[in-house]
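Undergrad: I am attaching a structure below and will ask some questions about it afterwards.
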Amino acid sequence: METPTPPRPAERPRRLDQLLASCGYCSRREARGWLRRGGVTVDGVVERAPDRRVLPSAVLVEGEPVDHPDGLVVLLHKTSGTLCTHDDGEGETVFARLPERWRHRHPPLVAAGRLDKDATGLLVLTDQGDLVHGWTSPRRHVAKGYVATLDREVREEWVGLFAAGLSIGDERPCLPARLEGVGGREAFVELHEGRHHQVKRMFAAVGAMVLGLHRTRFGPFELGDLRPGAWRVVDGPWAGGGERGDPQPLCVLA
Ligand code: URA
């Protein structure tokens with residue numbers, strides 16, 4: 001038998017069937033049959049008992065470490081025409097871009113702060129509810145940056161209107177937002193809240209229509225040079241117990 005893997009500081013023993021199901025390999029019900037195939041080892045020894053308590057770092061599935069047992073945070077460059085839901089009844093979802101196994105994780109991978117179907121740019125996906133709550137709670141005022149392409153030239157007077165807090169037909173006016181003309185019909189907007197269709201409704205309130213909307217920033221994350229349709233996993237303090245601060249290399253879809 002090989003030397004047992006030393007536990008990482010954040011690790012706790014988990015039932016093997018629960019671990020495999022949470023990472024999307026199989027359902028808890030399927031785990032017994034799945035393990036019978038002999039593809040899972042614990043500390044180098046084939047393990048077939050679904051109720052065995054294991055440290056995730058000691059487990060290999062088909063010779064590979066368990067796929068993000070501590071949780072996932074993924075940055076995706078959303079393309080136009082894709083939906084931020086798991087329901088593909090109305091078209092392709094952003095999840096179709098990601099590895100198939102991630103669609104079966106528990107808790108599920110969800111978008112923190114959705115983008116409209118026609119919007120593009122930075123989408124943050126995670127399976128960690130506390131992160132979603134922290135990044136989307138109206139009380140946290142997390143910054144989001146957008147470049148909007150309009151049906152008319154940006155007007156100087158809008159800067160003050162956005163900064164004062166626009167009324168867009170909700171109970172309360174918007175929080176102050178920063179508007180900067182990027183040139184011609186393009187504007188950069190920084191918001192600290194995330195209401196439904198907020199950017200489109202803010203421009204509608206000053207008489208402009210948004211023809212294109214692209215998110216460049218969401219909380220601590222920048223879109224950077226992530227290409228359309230590409231994604232990458234973020235390690236670090238956000239990703240449940242990750243110890244490395246550096247993002248992993250870019251993963252580009254075929
Ligand atoms: N505001 C919008 O109008 N749409 C989005 O997708 C995001 C912000």
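Undergrad: With both partners inside the range 1-115, how many of the DSSP beta bridges are antiparallel, as a percent to the nearest 5?
TA: Details: 9 of 10 bridges.
Of all bridge pairs located within the range 1-115, approximately 90 percent are antiparallel.
Undergrad: Please get the size of the charge dipole for the chain, origin at its Cα centre, with Cβ charges of +1 on Lys and Arg and -1 on Asp and Glu, quoted in debye to the nearest 20. Before the final figure, lay out the partial values.
TA: Values: 35 positive and 35 negative charges, 116 e Å.
With Lys and Arg at +1 and Asp and Glu at -1, about 560 debye.
Undergrad: Right, something else. Can you give the extra length, in nm with one decimal, that the chain gains between Asp225 and Asp51 once fully stretched, where that is 0.36 nm per residue apart less the Cα-Cα distance?
TA: Answer, rounded to one decimal: 58.2 nm.
Undergrad: Pop the C-beta distance of Arg37 and Thr216 into the FRET formula with R0 = 45 Å and round what comes out to the nearest 0.05.
TA: So the FRET efficiency works out to roughly 0.50.
Undergrad: Using the crude model of +1 on Lys and Arg Cβ and -1 on Asp and Glu Cβ, and no other charge, please compute the dipole size for the range 112-171 relative to its Cα centre, in debye to 20.
TA: 180 debye
Undergrad: Further, regarding this structure: What full-extension length gain, to one decimal in nm, is calculated for Val159 and Glu62 as 0.36 nm per residue of separation minus the Cα-Cα distance?
TA: Gain on extension, Val159 to Glu62, equals 29.3 nm.
Undergrad: Expected output is a single nm value to one decimal: the length gained when fully extending between Arg103 and Glu190, i.e. 0.36 nm times separation in residues minus the C-alpha distance. What is it?
TA: The Arg103-Glu190 span can extend by a further 28.2 nm.
Undergrad: If you put +1 on each Lys and Arg Cβ and -1 on each Asp and Glu Cβ, how big is the dipole of the range 121-228 around its Cα centre, in Debye rounded to 20?
TA: Computed about the Cα centre, the dipole is about 140 debye.
Undergrad: Need the list of aspartates and glutamates near Lys117 for cross-linking: C-alpha distance under 17 angstrom, and skip anything on the same chain fewer than eight residues off.
TA: Here the aspartates and glutamates satisfying the reach criterion relative to Lys117 are Asp87, Asp88, Glu90, Glu92.
Undergrad: Answer with one residue from Phe95, Val142, Gly160: the one whose Cα lies farthest towards the positive end of the charge dipole of the range 91-201, charges on Cβ with Lys, Arg +1 and Asp, Glu -1.
TA: Result: Phe95.
Undergrad: Can you give me the Cα centroid spacing of the range 176-202 and the range 125-163 in angstrom?
TA: For the range 176-202 versus the range 125-163, the Cα centre distance is 7 Å.
Undergrad: Using alpha-carbon positions, what is the distance between the centroids of the range 204-230 and the range 83-124, in Å?
TA: 16 Å
Undergrad: Something else now. Share of the chain's accessible area from carbon and sulfur, percent, 1.4 Å?
TA: 51 percent
Undergrad: Give the accessible surface of the range 1-137 per residue, rounded to a whole number of Å², with probe radius 1.4 Å and ligands, DNA and RNA excluded.
TA: Counting only protein heavy atoms, the per-residue value for the range 1-137 is 50 Å².
Undergrad: Report the relative contact order of the chain, percent, no decimals, based on alpha-carbon pairs under 8 angstrom and at least 6 residues apart.
TA: 18 percent
The values are calculated or read from the model by the stated rules, or taken from the named source; none is laboratory data. Just so we're clear, the structure is a prediction, and the values are computed from it rather than from any experiment. We place every Cβ from the backbone using ideal geometry, glycine too, and count neighbours over all the protein chains shown. Surface accessibility is based on the protein's heavy atoms, side chains included, excluding ligands, DNA and RNA. Shrake-Rupley method; radii C 1.70, N 1.55, O 1.52, S 1.80 Å.
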